[in-house]
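The block underneath contains the structure these notes are about, expressed in structure tokens.
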Amino acid sequence: MERVVFDEERCKGCELCTAVCPQKIVHMSDRFNSKGYRVATVTDQEMCTSCTLCARTCPDVVISVYR
Amino acid sequence: MKQLFGPPRALQERPTHYCPGCTHGIIHRLIAEVIDELGVQEKTIGIAPVGCSVFAYDYFNVDMQQAAHGRAPAVATGIKRVLPDRVVFAYQGDGDLASIGAAEIIHAASRGEKITVIFVNNTLYGMTGGQMAPTTLLTQKTTTSPLGRKEGQHGFPLKITEMLALAAGAAYVARVSVHNPTHIARTRKSILEAFKTQIAGRGFSIVEVLSTCPTNWGLSPLESLKWLEENMIPFYPLGVLKAPGGEGMK
Ligand SMILES: Cc1ncc(C[n+]2csc(CCOP(=O)(O)OP(=O)(O)O)c2C)c(N)n1
Ligand code: SF4
Ligand code: SF4
């Protein structure tokens, strides 16, 4: 199962989450949601330490973190 | 796997109308996290202001009341006095609180109303198109100070939180910011302390949160966080100005 889960329909593509990840694994994908926002994602799920910083920085409650 | 972090219960599921990267959303979530942590969702009543956060009544999963511009502290006062066992918070922008609502907030603090105010300072009127507010910094360009704010013409920016700390009825007064994860955590802690101050019946509590408005600042969301840190914090210093049982602490 994934450690960082994005509720992509809520994402507004603001990129704030991409700047705070200590592992530098949060980045913008090339997908767009139905509102037309380019959504953030994590592809290297195994690199995630479940620190929750991306989720705590997101203004739109997009991200849930598991361990 | 166990969920370490997810949406707080005290927020509704519906997405907000806030602009991409606007930190109103972070501040909403922190308030909801605190309501969850204190287990007071059933007895919390929030007051929504006029401003971009007017629809806060649609976003918090607690009882909400919307107030006329600047009047949230008066409405909060009425609700708290009629229902003293409830946890009552007002959410206000800097136009709402420091401009049209300046009298309301000063007297609510002075009376020591047992309410909590979350004061979101983004240095201008976001909702109406980025006009100058009392909190606009000197030289800052807004739609009504296109050449930059000048003290001779527009007056100096107002540090209303420092003024409120002088009110005898104010028990907890702090200024925090949400420009990075460390400060987001401190903001959460301050909001928690403010709610606890109210629940303990110690008096008025207010947390000023420095916030961004990427849309009206004309900056990207990431540039806005940097602008906040470099321009707002030097003028609006962070810290606890007043806490129950003691002087200010850092
Ligand atoms: C009595 C009254 N006067 C003026 C307005 C217009 N108005 C709406 S929002 C607003 C300012 C909001 O700015 P702020 O409180 O800083 O909140 P923000 O939108 O920046 O979050 C003003 C002046 C109004 N709605 N009601
Ligand atoms: S911070 Fe949230 S809304 Fe912004 S890009 Fe990341 S997931 Fe999307
Ligand atoms: S106009 Fe400014 S304060 Fe209002 S939602 Fe947009 S970014 Fe936030």
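Taking chain A, the Cys residues with no second Cys beta-carbon under 4.7 angstrom are A:Cys11, A:Cys14, A:Cys21, A:Cys48, A:Cys51, A:Cys58.
Taking N as the number of residues in region B:58-126, what value does Rg over Cα atoms divided by 2.2 N^0.38 Å take?
Relative to the 2.2 N^0.38 Å estimate, region B:58-126 comes out at 1.07.
Our coupling estimate for region B:147-152, obtained by passing each phi through the Karplus curve with A = 6.51, B = -1.76, C = 1.60 and θ = phi - 60°, is 9, x, 5, 10, 4, x Hz, Gly and Pro reported as x.
Annotated for chain B: lysine pairs at least 8 residues apart or interchain, Cα distance under 17 Å, count 15.
In peptide B:171-181, what is the residue-averaged number of other protein chain Cβ atoms found within 10 Å of each Cβ?
So the per-residue partner count for this stretch is 2.
Across q = 0.07, 0.10 Å⁻¹, chain B modelled as identical point scatterers on its alpha-carbon atoms has Debye log10 I(q)/I(0) values of -0.21, -0.43, in the order of the q list. The loop-placed trypsin sites (Lys or Arg not before Pro) in region B:1-72, going by DSSP, that have at most 15 neighbouring Cβ atoms within 10 Å of their Cβ come out as B:Lys2, B:Arg9. Looking at region B:9-126, the accessible area is 34 square angstrom per residue; that uses a 1.4 Å probe and ignores ligands, DNA and RNA.
Where only DSSP H runs of four or more residues are counted, chain B gives -9000 deg cm²/dmol as its mean residue ellipticity at 222 nm, each run worth -39500 (n - 2.57). Reported to the nearest whole Å, the Cα centre-to-centre distance from region B:197-233 to region A:10-31 is 22. Derived scalar couplings between HN and Hα for region B:41-46 equal 4, 5, 10, 9, 10, x Hz in order, rounded to whole Hz, by the Karplus curve 6.51 cos²θ - 1.76 cosθ + 1.60 (θ = phi - 60°), x for Gly and Pro.
Looking at region B:143-246, the trypsin sites (Lys or Arg not before Pro) that sit in a DSSP loop and have at most 14 other Cβ atoms within 10 Å of their own Cβ are B:Lys150.
Evaluated at 10 °C with a viscosity of 1.306 mPa s, what Stokes-Einstein diffusion coefficient in µm²/s does the protein assembly as shown have when Rh comes from the Kirkwood expression over alpha-carbon pairs?
Diffusion coefficient, whole number: 80 µm²/s.
Once the Cβ-Cβ distance of B:Lys226 and B:Leu83 is raised to the sixth power relative to R0 = 30 Å, the FRET efficiency obtained is 0.10. Projected over all directions and averaged, the alpha-carbon convex hull of region B:9-141 occupies 8.2 nm².
Across region A:22-29, rounded Karplus estimates of 3J(HN,Hα) from the backbone phi angles (6.51 cos²θ - 1.76 cosθ + 1.60, θ = phi - 60°) give x, 8, 6, 10, 8, 9, 7, 7 Hz, Gly and Pro being marked x.
Note on B:183-189: average number of Cβ atoms from other chains within 10 Å of each residue's Cβ is 1.
Each Lys and Arg contributes +1 and each Asp and Glu -1, all at the Cβ; summed about the Cα centre of region B:24-242, the dipole is approximately 400 debye. For B:Asp63, the residues 5 or more places off, or on other chains, whose built amide H falls under 5 Å of its own are B:Thr44, B:Gly46.
Proximity of backbone amide H atoms, modeled 1.01 Å from N, is registered between B:Gly70 and B:Val50 at under 5 Å, excluding neighbours fewer than 5 places apart on the same chain.
Note: region A:1-63, Cα convex hull, 75 Å³ per residue. Ranking B:Thr44, B:Met163, B:Gly93 by Cα position along the charge dipole of the protein assembly as shown, where only Lys, Arg, Asp and Glu carry charges on their C-beta atoms, puts B:Met163 farthest toward the positive end. Extending 7 Å from Cα along the Cβ direction at B:Phe156 and again at B:Ala103 yields two label points whose distance is 2.5 nm. Cα-based values for region B:130-215, radius of gyration first and Dmax second, are 15.8, 47 Å. For the peptides B:122-133, B:57-68, the ranking by mean Cβ contacts within 10 Å, running from highest to lowest, is B:122-133, B:57-68.
Of the GluC sites (Glu not before Pro) found in region B:1-73, the ones in coil according to DSSP and having at most 14 other Cβ atoms within 10 Å of their Cβ are B:Glu13.
Cα-based Rg of region B:96-239 per 2.2 N^0.38 Å, rounded to two decimals? Don't skip to the end; give the middle numbers.
Working: Rg = 15.3 Å, N = 144, 2.2 N^0.38 = 14.5 Å.
Normalised Rg, Cα atoms only: 1.05.
Return the carbon/sulfur percentage of the accessible area of region B:24-242, one whole number, probe 1.4 Å, all protein chains in place. Percent of accessible area from carbon and sulfur atoms in region B:24-242: 56.
The values are calculated or read from the model by the stated rules, or taken from the named source; none is laboratory data. Everything numeric in this text was worked out from a predicted model, so none of it was measured. Please note: Cβ atoms are built from the backbone with ideal geometry, for glycine as well, and neighbour counts cover all protein chains shown. What goes into the accessible areas is simple: the full protein's heavy atoms, side chains included, and nothing from ligands, DNA or RNA. Shrake-Rupley method; radii C 1.70, N 1.55, O 1.52, S 1.80 Å.
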